[in-house]
Amino acid sequence: MNNFLNTVNDVITDGKNSGILHLSVSDQVLHGNMLSINKKDLVNFSSCSYLGLEFDRRLKDGAINAVENYGTQFSASRAYISSIHYQELESKFNQIFDANCVVAPTTTLGHIATIPVIVSDNDAVILDHQVHSSVQTAAALLKPKGVHVELLRHNRMDILESRIAELSKKYHKVWYMADGIYSMYGDGSPVEQIYALMNKYERFHYYVDDAHGMSCFGKHGRGYVLQSHDLHPKMVLAISLAKAFATGGAVMVFPNPKIASFVRTCGGPMITSGPMQPSALGAALASADIHLSEEINAIQTDLHENIKYANLMIKKAGLPLIKDLDSPVFFVGVGLPKVGYQLIKKMMDDGYYTNLGAFPAVPMKNTGVRFTITRLHTFDQIEGMVSSMAHHFDKVLEEQNFSRELIYKSFKIDSPTDKKMKDLVQNQLASSQLKVEKYQSVAQIDKTLWNNLFEGKGSFDYDGLLFLEKAFKGNSTPENNWEFDYLIVKEKSSNKVVLATFFTTALCKDDMLSHEAVSEKIEQTRKSEDPYFLTSKMVMTGSLLTEGSHIYLHEISNFKKQAYNELYAMAAQLQKKYNASTIMLRDFMDDNGPLDKLMLENGFFKVQMPETNVHRHLIWKNEDQYLSTLSKKERYHVRSEILKHSHQFTTSIITHPSKEQCSHWFELYKEVKQGSYKLNTFDLPERLFQEIATSQNWEALSLQLPVNGEMKEVAVVFNYKSGTTYNAMFIGIDRQIKTQFSIYRQALYQILKRANALNCIVVNYGFTASLEKRRLGADSHPTVAYMQSEDHFNASVIESMQVIKNQAIGVI
């Protein structure tokens, strides 16, 4: 959660520093759609008051009269008493929707009052992944009831239907919760398909928040969802009065009076929260009268003429509009936050105020300029704003080393200028001072070159990668078949390597870096229902079996930033090629401010990895010298917990194991892996243990103890030697053997002894169990990864798993 909040804080702070977020209007009096910021007059393209009714004299008079008659507030819970305005207002909304309505102080409080009441303990809830956060907040209240809650990829009706069919076998009702018009991209819920599903599946119900559709569409302004339908008997609708309706407040719309009464009497905020105040109620009555009159039709027509004109201007300018829907919300993709900051700032300098659509409202690399069209805009204002955006668009992209091609790839939409953009990219590469080399096997790369860059950094020197390529190919399970790709970036003039790395693409668990409690819960579903539940392909630097500095960077090169751009570009290409959901660049030491900023600018958010543990003090020749390198506390621990028992162990390096012994090793490994969720990955393939037996660089360090009069193998540690570095990769332990001392601690010590015997000077102890490793003299270092998700569904651990944790650990 801290990673998530820190990333949000970084994005917002950057926006503040760029002068586009956390702004204040300096006007004493507002005039139409103009506002002043820092004494500069701007046309406001950020208002959600789409019909411009906030300036209507009737609404103002309604608010004033209500205050004159009732004062500035009527402070009482509606459970006891309501002002006279409520009954009249709810009656008007009953007419607008031809249904049963309950007024709430805000949309968020309306959701909180309704969702925990209408969803019973034996129901299931499916949340669209882009449903408004207020709905997610209310759904989180279902957790104490143990309600099953899961996420759905945005608007994927094919997946929704399969989930309805499956969940209907277990649950009384299956609720799908979505928005009518989504607040960022301005796209709509597929209403026709959802109504068809409600008619097809008896247990399927629809809960929809149509905040941005209210007033703009349909008879009496009843909204986007109901513009062509009556309220379905298995549907609950929430609408906001704080947008086009122009007053504040919310209305919950129910298919029958029984449900409406139940929410009115039992919904938490209906009992304990304050009501809408007289000013808002008085204005709402006046607005409702307009909605119930013929006048609303003309007002809607004016708005839609402006929406159509804006669409026409955007298409004429060739800007990458993400969703083509006649809604008042528009989203022009720019890809990265840094592009959005600059573009919005330049448009403000031209006199147009728009919004930044950025993380966490959208995935990091799906940043865009979000603007709204209202009835108050003139055609000249709309054309001027679009012209300003078009004028600066490509210039800002060039300044930020980005392109339209990358924007379309980020949003998975077709570019109208594909060929032109490809030619542009090729021309840029041709004129670049860098030479980019790409390979699909380390065998295609000069061994000396690769080892000069990576030997001693981990288990991914030349021979180590040949081993991995062989071991993770042709296996029976998809998670153990990896794709390998290599990148080397050189200076053209000197042929000097600026950056080098390797990528693997593999099927991973989405909760790999999540909290252990979350993974434990998800594993129950994997074991009982679907072993590939919540899994997806990931492109990563390094691999699931390696740890260390996977990216070589020539620190004093003048082309470091350009080389990183090639890294980002290749990662994106691989993501598309292999249809992967997520990119992960790992393992970096934490507390690198410049790198954090560079990654954030390019659409990557930081994720905390487990600590890495390294022993760098292998300069001793005997046990006493080793102990002298430790602190007093560490020496006591090693003597009393390890050396005291070491004489009971026999250690050996197994060089030619039988097939049966390899199978035994695999079982010991699984005993350790089972129930360990700190770094939740798939089990390694059994074939890997057989490959280790034939490798010159790998070793199997076996520990035996006398058990019932005979020596028995109680642990085996698998290690890889690269140069003068000894890499402890993974371990197997016989958990059935009960001792009064720790076999694991003894194994850690024997790793040090073996490394020292081989004249190694560094031991990479790997992730987890940091305390135990520090007690033997290792240093622990916080590490991070930088991640980028293809869509909202897989914002990795930071997005998806956080939603799971906050909602119903009855998880998905």
inquiry  = Test of understanding: among A260, A310, A280, A298, which residue is open to solvent by less than 40 Å² (accessible area, probe 1.4 Å) and under 17 Å from A244 (Cα atoms)?
reply    = A280
ask   = Which one is modelled with the lowest pLDDT, of the residues in the range 115-155 that are in contact with an Asp or Glu (Cβ under 6 Å, 6 or more places away or on another chain) and open to solvent by 60 Å² or more (accessible area, probe 1.4 Å)?
value = K145
ask   = How about the range 205-243: which of its residues are crowded, with 24+ Cβ neighbours inside 10 Å and in a helix (DSSP H, G or I)?
value = G221
ask   = Is it true that some residue in the range 192-204 is touching a His at 6+ places or on another chain (Cβ under 8 Å), under 27 Å from S49 (Cβ atoms) and open to solvent by 50 Å² or more (accessible area, probe 1.4 Å)?
value = no
ask   = Of the numbered conditions (1) buried (at least 23 other Cβ atoms within 10 Å of the Cβ); (2) polar (S, T, N, Q); (3) within 22 Å of F666 (Cα to Cα), S722 satisfies every one except a single condition; which is it?
value = (3)
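In the range 65-88, is there at least one residue being part of a loop (DSSP other than H, G, I, E, B) and acidic (D, E)? If you could, list the steps in order and put the result at the bottom.
Keep residues of the range 65-88 that are part of a loop (DSSP other than H, G, I, E, B), which gives 71-83.
So of that shortlist, the ones also acidic (D, E) come out as none.
No, the range 65-88 contains no residue that is part of a loop (DSSP other than H, G, I, E, B) and acidic (D, E).
Return the only residue of L544, L567, L574 being among the aliphatic types (A, V, I, L, M) and assigned to a loop (DSSP other than H, G, I, E, B). Spell out the reasoning first.
Working: L567 fails: assigned to a loop (DSSP other than H, G, I, E, B); L574 fails: assigned to a loop (DSSP other than H, G, I, E, B).
It is L544.
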Condition met for A310 (under 22 Å from T107 (Cα atoms), touching a residue at least 24 places away in the same chain (Cβ under 8 Å) and not in a loop (DSSP other than H, G, I, E, B)) = no
query = Looking at (1) modelled with pLDDT under 90; (2) closer than 15 Å to G603 by Cα, which is the one condition that is false for L356?
reply = (1)
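What number of residues within the range 249-270 are assigned to a loop (DSSP other than H, G, I, E, B) and more than 29 Å from N199 (Cα to Cα)? Explain how you work it out, then say what you get.
Quick first cut of the range 249-270, residues assigned to a loop (DSSP other than H, G, I, E, B) only: 249, 255-256, 267.
Right, trim to more than 29 Å from N199 (Cα to Cα) and you get 249.
Number satisfying all stated conditions: 1.
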remark   = Sole miss for A246 among (1) open to solvent by 10 Å² or more (accessible area, probe 1.4 Å); (2) small (G, A, S); (3) assigned to a helix (DSSP H, G or I); (4) touching a helix residue (DSSP H, G or I) at 6+ places or on another chain (Cβ under 7 Å) is condition (3)
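Would you call G456 modelled with pLDDT under 95 and closer than 21 Å to Y726 by Cβ?
Values: modelled with pLDDT under 95: yes; closer than 21 Å to Y726 by Cβ: yes.
Taking the combined requirement at face value, the residue satisfies it.
Restricting attention to the range 725-742, and to residues there that are open to solvent by 20 Å² or more (accessible area, probe 1.4 Å) and assigned to a loop (DSSP other than H, G, I, E, B), which single residue is nearest to L465 (Cα to Cα)? Before you say what the answer is, go through the steps one by one.
Just the residues of the range 725-742 that are open to solvent by 20 Å² or more (accessible area, probe 1.4 Å), to begin with: 729-731, 735-742.
Filter once more, keeping what is assigned to a loop (DSSP other than H, G, I, E, B): 735-742.
Working: R735: 32, Q736: 34, I737: 35, K738: 38, T739: 38, Q740: 40, F741: 37, S742: 33 Å.
Among those residues, the one meeting the criterion is R735.
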Candidate set from the range 758-774 (those that are open to solvent by 20 Å² or more (accessible area, probe 1.4 Å) and within 18 Å of A715 (Cβ to Cβ)); member that is modelled with the highest pLDDT = E772
Positions within the range 165-191 being surrounded by fewer than 22 Cβ atoms within 10 Å (Cβ to Cβ) and of a type in the set (V, I, T), in sequence order = V191
ask   = List the pairs whose first member sits in the range 5-24 and is among the small types (G, A, S), whose second member is assigned to a helix (DSSP H, G or I), and whose Cβ atoms are under 7 Å apart, counting only residues at least 6 apart or on separate chains?
value = G15/Y341; S18/Y341; S18/K345; G19/K345
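Here are some residues: N680, N613, N602. Which one is touching a Phe, Trp or Tyr at 6+ places or on another chain (Cβ under 7 Å), farther than 23 Å from V763 by Cβ and crowded, with 17+ Cβ neighbours inside 10 Å? Step through it out loud before you land on a result.
Working: N680 fails: touching a Phe, Trp or Tyr at 6+ places or on another chain (Cβ under 7 Å); N613 fails: farther than 23 Å from V763 by Cβ.
Matching residue, one of N680, N613, N602: N602.
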key: Residue among I164, I81, I159 that is farther than 16 Å from M252 by Cα, of a type outside the set (S, T, N, Q) and more than 25 Å from the chain's Cα centre (by Cα)   = I81
task = Only residues that are hydrophobic (A, V, I, L, M, F, W, C), outside any loop (DSSP other than H, G, I, E, B) and within 19 Å of T724 (Cβ to Cβ): list them for the range 600-622, please.
result = V614
query = Could you give every pair whose Cβ atoms fall below 7 Å, whose first residue belongs to the range 469-480 and is within 15 Å of S441 (Cα to Cα), and whose second residue is assigned to a loop (DSSP other than H, G, I, E, B) and open to solvent by 30 Å² or more (accessible area, probe 1.4 Å), counting only separations of at least 6 or pairs across chains?
reply = F472/N481; K473/N481
inquiry  = Quick check on the range 460-473. Is at least one of its residues outside any strand (DSSP E or B), out of contact with any strand residue (DSSP E or B) (no Cβ under 8 Å at 6 or more places or on another chain), at positive phi and at pLDDT 75 or above?
reply    = no
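Looking at Q562, Q573, Q625, Q674, which one is surrounded by 13 or more Cβ atoms within 10 Å (Cβ to Cβ) and without any contact (Cβ under 8 Å) to a residue 24 or more places away in the chain? So that I can check it myself, show each step before the final result.
On the way: Q562 fails: without any contact (Cβ under 8 Å) to a residue 24 or more places away in the chain; Q625 fails: surrounded by 13 or more Cβ atoms within 10 Å (Cβ to Cβ); Q674 fails: surrounded by 13 or more Cβ atoms within 10 Å (Cβ to Cβ).
Step by step, each of Q562, Q573, Q625, Q674 is checked, and only Q573 is surrounded by 13 or more Cβ atoms within 10 Å (Cβ to Cβ) and without any contact (Cβ under 8 Å) to a residue 24 or more places away in the chain.
Evaluate the following for I382: is it in a helix (DSSP H, G or I) and surrounded by 24 or more Cβ atoms within 10 Å (Cβ to Cβ)? If you could, list the steps in order and put the result at the bottom.
Working: in a helix (DSSP H, G or I): yes; surrounded by 24 or more Cβ atoms within 10 Å (Cβ to Cβ): no.
No: the conditions fail for I382.
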remark   = Residue hits (the range 21-61; assigned to a strand (DSSP E or B) and open to solvent by 30 Å² or more (accessible area, probe 1.4 Å)) are H31, M34, K40, D41
query = Quick check: is even one residue across the range 343-357 open to solvent by 50 Å² or more (accessible area, probe 1.4 Å) and hydrophobic (A, V, I, L, M, F, W, C)?
reply = no
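Tell me the residue from D179, D158 that is charged (D, E, K, R) and modelled with pLDDT under 95, please. Explain how you work it out, then say what you get.
Details: D179 fails: modelled with pLDDT under 95.
Result: D158 is the single residue among D179, D158 that is charged (D, E, K, R) and modelled with pLDDT under 95.
If you check S273 against the conditions, is it under 19 Å from I112 (Cα atoms), in contact with a helix residue (DSSP H, G or I) (Cβ under 9 Å, 6 or more places away or on another chain), at pLDDT 95 or above and not aliphatic (A, V, I, L, M)? I'd like the intermediate steps shown before the answer.
On the way: under 19 Å from I112 (Cα atoms): yes; in contact with a helix residue (DSSP H, G or I) (Cβ under 9 Å, 6 or more places away or on another chain): yes; at pLDDT 95 or above: no; not aliphatic (A, V, I, L, M): yes.
It is false that S273 is under 19 Å from I112 (Cα atoms), in contact with a helix residue (DSSP H, G or I) (Cβ under 9 Å, 6 or more places away or on another chain), at pLDDT 95 or above and not aliphatic (A, V, I, L, M).
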inquiry  = Just to be sure I understand, how many residues within the range 37-51 are over 35 Å from the mean Cα position of the chain (by Cα) and among the small types (G, A, S)?
reply    = 0
Counted residues, the range 507-541 - those being part of a loop (DSSP other than H, G, I, E, B) and without any contact (Cβ under 8 Å) to a residue 12 or more places away in the chain = 3
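Please go through the range 468-485 and pick out each residue that is within 16 Å of S695 (Cα to Cα) and either in contact with a Phe, Trp or Tyr (Cβ under 7 Å, 6 or more places away or on another chain) or open to solvent by 20 Å² or more (accessible area, probe 1.4 Å) (or both). Before the answer, list the steps.
In the first step, residues of the range 468-485 are kept if they are within 16 Å of S695 (Cα to Cα); the result is 468-472.
Hits for the range 468-485 are E469, K470, F472.
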remark   = Going through the range 684-708 in order, the residues found to be free of Cβ contacts under 8 Å to residues at least 24 places away in the same chain and either more than 23 Å from R745 (Cα to Cα) or buried (at least 21 other Cβ atoms within 10 Å of the Cβ) (or both) are T694
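The values are calculated or read from the model by the stated rules, or taken from the named source; none is laboratory data. Small disclaimer: the values here were computed from a predicted structure and weren't measured. All Cβ positions, glycine included, derive from the backbone under ideal geometry; neighbour counts span all protein chains shown. Calculation scope for accessible area: heavy atoms of the full protein, side chains included, ligands and nucleic acids excluded. Shrake-Rupley method; radii C 1.70, N 1.55, O 1.52, S 1.80 Å.
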